[in-house]
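First comes the structure, then the notes that go with it.
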Amino acid sequence: MNVHFFRWALLLIPVFPFAVGCGEQTLPGMPKLYKTQITITQDGQPLAGANVIAINEDFASSPWSSGGTTDSAGVVHLRTEGKFTGVPTGTYKIAVTKLEDQSGIVLPEKVATDTEIAEYEKLLRQAEAATFQVIDDKFGNLETTPLRLEVKGATTQTFDVSPKVKIKPKKLPAG
């Protein structure tokens, strides 16, 4: 996993402050959560490393977001607020994104001197130039995604995000 992936992942999965507790204690006011497993496929194959976000269509009455990243079998067990296993009841829009770095570049972990910083920045630009979205934009946008999930109890569903595409990601604003 490289640094570039984490920069994008931070944009895709909201960060929320939580109370720290033991086990699966939930936040005050959080409704009952139901185990929810989604499998993501593309071109007939499981899609590993895809970021999945579930937002309730009635967000005003249920503002709990859920998500996760698919494993090697294309499976994600959704977690609410990034911490709690499961999802509250409701109808959810599902957004799925995945970036692939085709450069093979491994960024150095320690960078201290001006020369090392310059080399790091050069490698980062090369890695960014070789990074592509492999899922059509319509699946990654909550306004356009055709993917819906109904949760009334423990839920398992498979979604297909075919065909595989190769799209340059939009540039992030500086700062």
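Every read-out reported here was derived from the displayed coordinates using simple, explicitly stated rules and does not represent laboratory data. Here the structure is a predicted model, which is why all the values come from computation and not from measurement. Don't worry about glycine lacking a Cβ; one is built from the backbone with ideal geometry, like all the others, and counts go over all protein chains shown.
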Distance in nm between Glu143 and Gln25 label points, each 7 Å along Cα→Cβ, equals 4.1
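I want the local charge near Ile38. Using Cβ-Cβ distances under 13 Å, sum +1 for each Lys or Arg and -1 for each Asp or Glu among the other residues.
Numbers: positive: Lys35, Arg79, Lys93, Arg148; negative: Asp71, Glu150, Asp160.
Its environment carries a net charge of +1.
If r is the Cβ-Cβ distance from Ser61 to Val165 and R0 is 35 Å, what FRET efficiency results, to the nearest 0.05? Could you put the intermediate results ahead of the total?
Details: r = 35 Å, r/R0 = 1.00.
In this case the efficiency is close to 0.50.
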Run the quick spin-label model on Thr41 and Thr158: label points 7 Å from Cα toward the beta carbon, then report their separation in nm to one decimal. 0.3
Rounded to one decimal in nm, the spacing of the 7 Å Cα→Cβ label points at Thr85 and Ile117 is 4.6
